[in-house]
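Participant: Structure incoming, see below.
Throughout, read-outs are computed from the coordinates displayed, never taken from laboratory work. Note that this is a predicted model, so its numbers are computed, not measured. Cβ sites come from the backbone with ideal geometry, for glycine too, and all protein chains shown count toward neighbours.
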Amino acid sequence: MAKEFWKKHENLYYAITNKKVIFGLTIFILVILLAIFGPMLTPYEYDEYAGAPYSPPSRQHLFGTNIMGQDVFTMTVYGLRTTLIVGLIAGTIATIIGCVVGFLAGYYGGSWFDEILMSLTNIFVVIPQLALLIILSAFLEVRGIMVMSIIVSATAWPWLARAVRAQTLSLRNQDYVNLSRISSLKVPRILREDIASNMFSYIFMSYILQFNGTMLATVQLEFLGLGPTKGISLGLVMQNAVNWNAIQLGMWWWGIIPGLILTVMITALYFVNTGLDAAFNPRLREM
Amino acid sequence: MSEQVQNVMSVRNLSKVFKSGVFKPKYTVAVQDVSFDIKPGTIISLIGESGSGKTTIGKLILKLIKPSSGKIYYKGKDIEEIRNKDELKEYYKKVQGIFQDPFATFNPLYRVDRIFDMIYDSFGYDKSNKEERIHQVLQDVNLVPERTLGKFPHQLSGGQLQRLLIARALLMDVDVLIADELISMLDASTRIGVLNLLVELTEKKGMSVIFITHDLNLGYYISDESLIMYKGRLVESGDTKKIYESPVHPYTKMLFNSVPEIGKRWDPEEEFLPEQVIKDVEEFYKENAGKGFAAAGENHYVLYSID
């Protein structure tokens, strides 16, 4: 019974037995758990005076306190939540827009429709991302999580759209698509088995990359003071640390620990990404 | 019309022009004004150099691309009128193809068995003896079922994949088979076996084969009729023996002269000039201006001029 299940879903089997995927996913899940349950582990609020300022990591204050006596651990876990949510929403929006535009342009490749969609995409590609983000963010005085996500995703989708279009174009003309057509396969089945499934791993991995990219872009904006106007975020913690000369004053825990968590999480996702590549592509499997 | 019914397939004034780009479109003429008939139970070979439009004709017949102009009739019926799903299914049940590149013809994510599953799923064949029949056709093409079924395409060689595709075509009882460079990836010993199998099938079951090739020897070995293509046009057609013995068109003549013979080494004195062929063809058309596509003998037609 179990054997049959794995035979049918062998991609899944290869994915969850891949060492890189296991390693990356474990770290990623730990970070997620930290974001979900972290706030329950701390007795403090992120903006209250929690203890003696300037104290290094200890049992009471896991990541130490900052110059105002706020608990860095509390700020980090709350900030992680915001950053993850913005990254997730923005990554999802960017992936959906990228796939829809890319799939349509590829499917109607060579037509006016394709030409218009690609012109639009090219315009977005040459817009300097950071400059647009700064202008957009500065223009909107009140910025919530949703607005942040839309701003970030606006510049994240074009590369995916171009890549998906190119993939669709080449897949559409593959001989195995032709063989399915002369085998009278129904169009939805051709799209599913011949086109989408050959692109699925690519899209899934792009999603991970998008998630990474949007998270970094979010932190970048927050670091420049253009993040959500209310609440706390990883970038904001780091911005404050820099503004208060934390490193020069010897409070390394204030800026370095949140940055390190972000780095570790993004590296873990890259591991998942490369591991999945091997799992999804039979040619990269070791037989 | 009665003539078209007798032929299993008739191609009339078929042309295909590919267009690329929207703002400054570029046009590529792949097939121009091609007409021919296929009688039941015959093998007809389509011979020409790369880019001469052979594969395009195959794809047009398989309804994978639309013709720019001209008609294709299958048993007297214009295939452009086949739009309905069920009609199309009936058409593909009887008209099948084998593509040039066996590696590209298999979806890399699925096991090779999928090509058999697909036809069983869509054409409603009796599934009770499925395994038996598949084993039988695999043995017909010299494959060991245990060593091929259940494998991924990348685990098999080009020749094995090509034979799987031939087996797929054998499994279906087709009227017309379009075989694009069918045995290009097979070794010499298997080749003859597969060719003989094809000839046997045409004789037994009345299947017609359009054998697309650039190999003149193969064309002669297997086909009853030959079509010589040059730059998208049909330049000479008719009885294979007649064309091979007394070619008329300068391109056909050049083609036969350029076949390396067994037992003959290359000669440094001999020069091959592609420009010369173009010149010869132009001159030939000029000399015979006004004649068009005309008979040069019984069942032997030559394109004398393009006007």
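Participant: Given DSSP loops and a limit of at most 10 other Cβ atoms within 10 Å, what is the longest stretch of chain A that contains no such GluC sites (Glu not before Pro)?
Facilitator: It runs A:142-285.
Participant: What are the residues whose amide H is under 5 Å from the amide H of B:L227, where those residues sit 5 or more places off or on another chain and H is modelled from the backbone?
Facilitator: For B:L227, whose amide H was placed from the backbone, the distant partners under 5 Å are B:S45, B:L46, B:I47.
Participant: Separate question: Take every Cα pair under 8 Å in chain B that's 6+ residues apart, average their separations, divide by the length, and report that relative contact order as a whole percent.
Facilitator: Computed over chain B, the figure is 21 percent.
Participant: How large is the helix-only mean residue ellipticity at 222 nm for chain A, computed as the sum of -39500 (n - 2.57) over DSSP H runs with n ≥ 4, divided by its residue count, in deg cm²/dmol to the nearest 500?
Facilitator: Rounded to the nearest 500, the figure is -23000 deg cm²/dmol.
Participant: Just to confirm a number: summing +1 for Lys and Arg and -1 for Asp and Glu over residues other than B:V22 whose beta-carbon lies under 13 angstrom from that of B:V22, what do you get?
Facilitator: +1
Participant: Also: Using a Cα-Cα cut-off of under 27 Å, which lysines could be cross-linked to B:K127, ignoring same-chain neighbours fewer than 8 residues away?
Facilitator: Straight-distance partners of B:K127: A:K3, A:K7, A:K8, A:K186, B:K85, B:K89, B:K93, B:K94, B:K151, B:K204, B:K205.
Participant: I've got another one for you. Report, in degrees rounded to the nearest 10, the 0 to 90 angle that the Cα long axis of helix B:85-94 makes with the longest principal axis of chain B.
Facilitator: On a 0 to 90 degree scale, this one is about 80.
Participant: Can you check what the net charge comes to around A:S206, using other residues whose Cβ is under 15 Å from the Cβ of A:S206 (Lys, Arg +1; Asp, Glu -1)?
Facilitator: In short, +1.
Participant: With the Cα gyration tensor of segment B:103-157 giving a ≥ b ≥ c as the square roots of its eigenvalues, does the rule (a/c under 1.5 for rounded; else a/b larger than b/c for prolate; else oblate) give rounded, prolate or oblate?
Facilitator: In terms of gyration-tensor shape, oblate.
Participant: Mind listing which trypsin sites (Lys or Arg not before Pro) in segment B:25-90 are in a DSSP loop and have 11 or fewer other Cβ atoms within 10 Å?
Facilitator: B:R83
Participant: Assign one of three labels to chain A, namely rounded, prolate or oblate, based on the Cα gyration tensor with a ≥ b ≥ c the square roots of its eigenvalues; rounded applies when a/c is under 1.5, prolate when it is not and a/b is larger than b/c, and oblate otherwise.
Facilitator: Oblate shape, in that a/c is at least 1.5 and b/c is the bigger or equal ratio.
Participant: Let me ask you something else. Rounded if a/c is under 1.5, else prolate if a/b is larger than b/c, else oblate: which is the protein assembly as shown, with a ≥ b ≥ c the root eigenvalues of its Cα gyration tensor?
Facilitator: prolate
Participant: For every helix of n ≥ 4 consecutive DSSP H residues, a contribution of -39,500 (n - 2.57) applies; sum these over chain B, divide by its total residues, and give [θ] at 222 nm rounded to the nearest 500 deg cm²/dmol.
Facilitator: Taken over chain B, the calculation gives -11000 deg cm²/dmol.
Participant: Cα centroid distance between segment B:74-140 and segment A:47-61, in Å?
Facilitator: 72
Participant: Right, next: Expressed as a whole number of Å, what is the distance separating the alpha-carbon centroids of segment B:271-307 and segment B:167-187?
Facilitator: 33
Participant: Could you tell me which trypsin sites (Lys or Arg not before Pro) in segment A:173-224 are loop residues by DSSP with no more than 16 other beta carbons within 10 angstrom of their beta carbon?
Facilitator: Sites meeting the loop and neighbour criteria: A:K186.
Participant: Still on this structure, please answer the following. Could you run the Karplus curve 6.51 cos²θ - 1.76 cosθ + 1.60 with θ = phi - 60° over segment A:253-268 and give me ³J(HN,Hα) per residue in whole Hz, x for Gly and Pro?
Facilitator: 5, 5, x, 6, 4, x, x, 5, 4, 4, 4, 4, 5, 5, 4, 4
Participant: Cα centroids of segment A:194-268 and segment B:7-73: how far apart, whole angstrom?
Facilitator: 56
Participant: In addition: Relative contact order, percent, of segment A:11-284 when contacts are C-alpha pairs under 8 Å separated by at least 6 residues?
Facilitator: Rounded, it is 30 percent for segment A:11-284.
Participant: Another question, if that's okay. Peptide A:191-197: average number of partner chain Cβ atoms within 10 Å per residue?
Facilitator: Partner Cβ neighbours, averaged per residue: 2.
Participant: Pick out, in residue order, every one of the GluC sites (Glu not before Pro) in segment B:202-307 that is DSSP loop and has at most 14 other C-beta atoms within 10 Å; say none if there are none.
Facilitator: Qualifying residues, ordered by number: B:E261, B:E269, B:E270, B:E271, B:E298.
Participant: Also, I was wondering about something else. How far is helix A:19-41 tilted off the main Cα axis of chain A, in degrees rounded to 10, range 0 to 90?
Facilitator: Roughly 40 degrees, rounded to the nearest 10.
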